[in-house]
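These notes concern the structure reproduced below.
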Amino acid sequence: MVANTLKSTALALILMAGLTAQSFAADPSLDLVAPLADYKIYVAENTEQLVKDTEAFVAAIKANDVAKAKALFAPTRTSYEKIEPIAELFADLDSSIDARADDFEQKEADPTFTGFHRIEYGLWVEGKTGEIQGYADQLLKDIKTLNERINGLTFPPEVVVGGAAALMEEVAATKISGEEDRYSRTDLWDFDANFAGSQKIYTLFRPLIADKNPDFVKKVDANFAEAGAILKKYQKDGGYVSYVELSDADRKVLATKVNTLAEDLSTLRGQLGLN
Amino acid sequence: MSETPVAPNRHLYWAVAAAACLAVAGGGAFWYAASKTAATTRGQAADRTVTITATACQPNQITVPGGRRSFEIVNASDRPIEWEILDGVLVLAERENIAPGFRATLSVQLAPGTYQMACGLLSNPRGTLVVTPSDEAAAAASEVTLRKFLGPLSEYRVYLAMQGNAALSAAQTLQAAIAAGDVTAAQAAWQAARLPYRRIEALAYRFSDLENRIDPRAAYLTGREQDPAFTGYHRIEYGLFAQGTTEGLAPVAAQLVTDLEALKTRLRQAPLDPQLLIALPGDMATQLAQSHVPTGDDAYAKTDLAEFEASLEGLDKLTGLLRGVVASVNPDLEAQIGAAMERSRADLTALKQGGAYPPYDTISAEQRQALSGDLTALAAALSKLQDVIGLN
């Protein structure tokens, strides 16, 4: 019953959203070229940073310095989380770099469970670096390959523009629950990076829609600002506190903001003629 | 097999949905998940339904005609899943975060070929999606739209920005070596500084005010090397390679850096359109064939061959992007351009001696003519692009 009621409300909202988006539908224009190019430069800067940070992270693991490796885990991931819409285009690397234990039938015991989260499991749950040396080597190799592939990739415009919503959907569906960094509880770092990546895309294309749809940008601006303000409360020493410290009230507000942003940003493609 | 698999039991569906409702944090998350289902419900029937169980896609092999196809994905497993269509390692399309018991649709433009489907867990076997040729797919492939140029234009803009930056920073390195009075270091820096400029020369030379200060050759000036308008790269080359000194070059280098800064800004702001993208490589190939290759540019350093390699890299970037556009419209032309490009590159590389390019004055008229011929053939192939993918 409850589900049914919610479902019809959602249906009504969707229909309204659909109509709004449709009235602003457009053919793609050459104005998209500059922000698309700027986005690739943003991604390239992030993968360059990711290679550097991963080198330091892996070096700490190789030196058996658990404390240092733990400290570097979350900040290293941020460059990946910012550019996830592009990074996850490469299915093989996305699996080997960022898969979670849930993605495998045998969970943590699956031998193909590798990458950041396998290392996270090693550092926080197993509390040692012996087992994960090989995973660390593989991670650095994968990150370097990712960097090369991204540099050589002509970005599909619809993936770039769709990425703003994709990042928020990802947070809404599988991150707000705290599944992502379950061993380290560094989820808020990832949230922050996902927001930054989504907002970057939105900001780059915003000038192309602001005049046509002032209410839309006003609403999205406000939601980004409000979500940002909540996250800011949990900042500490240039990073974030543990996810367990996020209050239920704030989690709920964040969830609402993320969902609204996901829904609103999903109209960007249509507004820019890229459906 | 076009049979639609049996939909999951209705009671189970709502039970799982209700459970999902309780499980997710915040009402918004549920609203979002529910909205996906709602969007599916109101949409038209999908071309195919794929049910993802705990262990596989059902069916695990699907055949559809090419064109815009829609898929309804049903999550009959007990975990949130994603369904992806993979073209090699690249994700062609995906529907992520489908909650247990929920369904979602995905509509995607498919070209004929064989693809893989990622079915839920990474440890699950992948399915196969076979896309057969169709009139619809053929029409979509041959259609030339502005949209097909957006990626290539953006990519070229990135290339201009990167090479523009590289040209500037290499000129700054050159400037530093000149300031230090180190002729050997400055000679090496000069050669390196030329390469990024040559890669983007196709567009850079069109800014004639800057070009006249950055790249004039003495042979084209009344007073030759003594002409006050003899500035930029070749004035520095003259000092370093003909006179063997850095004396008097500091202000020239400073001006070059200033001009390259201006060039970088202009390249960033240059309005790119399909017409220009199509014209650039053909024009550059013609210029190389008719002017640069016959006479050479580097009268004192004689390092032309290494620079031609950079020019070809710049051409390869442009032609590579255009080949991506033309490939589906006219595969023969795509292959022809690829072959002409390869021929130019192979013939240039064949001039290397012991892994390095010899001075350009050792390259005979016949050898130059052969190179010119390759580039003329490339320009001829490129000139057909306008008719095939030109938008006007």
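The values are calculated or read from the model by the stated rules, or taken from the named source; none is laboratory data. All figures in this text were calculated on a predicted structure; none of them were measured in a lab. Because the Cβ atoms are built from the backbone with ideal geometry, glycine has one as well, and the counts that use them run over all protein chains shown. Heavy atoms of the whole protein, side chains included, go into the accessibility calculation; ligands, DNA and RNA do not. Shrake-Rupley method; radii C 1.70, N 1.55, O 1.52, S 1.80 Å.
Taking a point 7 Å from the Cα of A:A229 along the Cα-to-Cβ direction, the residues of region A:251-265 with backbone N closer than 14 Å to it are A:253-254, A:257.
Longest stretch of chain B clear of exposed loop sites (trypsin sites (Lys or Arg not before Pro), DSSP loop, at most 14 other Cβ atoms within 10 Å, sites excluded): B:1-205.
Given axes a ≥ b ≥ c from the Cα gyration tensor, I'd like to know whether region B:156-271 is rounded (a/c under 1.5), prolate (a/b larger than b/c) or oblate. Because a/c hits 1.5 or more and a/b fails to exceed b/c, region B:156-271 counts as oblate. When chains A and B come together, the accessible area they lose, probed at 1.4 Å and totalled over both chains, is close to 4300 Å². Where both bridge residues fall in the protein assembly as shown, DSSP classifies roughly 75% of the beta bridges as antiparallel.
Taking every DSSP beta bridge that has both ends in chain B, the antiparallel portion is near 70%.
Helix B:183-199 and the longest principal axis of the Cα set of chain B meet at an angle near 50°.
Accessible surface comparison of B:Y360, B:Y220, A:Y121, probe 1.4 Å, protein chains only, largest first: the order is B:Y220, A:Y121, B:Y360. Once the Cβ-Cβ distance of A:A63 and B:D332 is raised to the sixth power relative to R0 = 45 Å, the FRET efficiency obtained is 0.20.
For chain B, the relative contact order is 13 percent, taking Cα pairs closer than 8 Å that sit 6 or more residues apart in sequence and dividing their mean separation by the residue count. The solvent-accessible area of A:T47, taken with every protein chain present and a 1.4 Å probe, is close to 0 Å². Note: relative contact order over region B:48-137, using C-alpha pairs below 8 Å and six or more positions apart, is 37 percent. Note: relative contact order over region A:156-274, using C-alpha pairs below 8 Å and six or more positions apart, is 46 percent.
Counting only heavy atoms of the protein chains and using a 1.4 Å probe, B:F241 has close to 50 Å² of accessible surface. In whole Å, what is the distance between the alpha-carbon centres of region A:21-85 and region B:93-168? A separation of 21 Å, based on Cα centres. Taking the C-alpha atoms only, the angle from helix B:274-287 to the longest principal axis of chain B is near 30 degrees.
Here the label points at B:S123 and B:L276, each 7 Å from Cα along the C-beta direction, are separated by 5.4 nm in the simple model. Check the straight Cα-Cα distances from A:K252 and name the lysines below 28 Å, setting aside those fewer than 8 residues away within the same chain. Partners found: A:K7, A:K82, A:K175, A:K200, A:K218, A:K219, A:K232, A:K233, A:K236, B:K36. Distance between the modelled labels on A:K144 and B:A139, one decimal in nanometres: 4.9 nm (7 Å Cα→Cβ projection). Of interest is the spacing of the C-alpha centroids, which for region A:226-275 and region A:99-152 amounts to 26 Å.
With Cα atoms as the point set, the radius of gyration and Dmax of the protein assembly as shown evaluate to 28.3, 92 Å.
First compute the accessible area of the protein assembly as shown with a 1.4 Å probe, then give the percent of it belonging to carbon and sulfur atoms.
Details: 14790 of 27730 Å².
Roughly 53 percent, rounded to a whole number.
List the aspartates and glutamates whose Cα sits under 17 Å from the Cα of B:K317, skipping any in the same chain fewer than 8 residues away. Cross-link targets: A:E148, B:E155, B:E201, B:D273, B:D283, B:E307, B:E309, B:E334, B:E342. Applying a length cut-off of 24 Å (Cα extent along the axis) and a mean Kyte-Doolittle floor of -1.0 to the DSSP H helices of chain A leaves A:2-23, A:33-62, A:66-82, A:133-152, A:187-209, A:214-232, A:248-265. Ligands, DNA and RNA excluded, the heavy atoms of A:K40 present near 10 Å² of accessible surface to a 1.4 Å solvent probe.
A simple spin-label model places pseudo-atoms 7 Å from Cα toward Cβ; at A:D137 and B:A188 they are separated by 3.3 nm. With protein chains left intact and a 1.4 Å probe, residues in the protein assembly as shown average 42 Å² of accessible area per residue. The angle between the Cα long axis of helix B:10-23 and the longest principal axis of the Cα atoms of chain B comes to about 60 degrees, rounded to the nearest 10.
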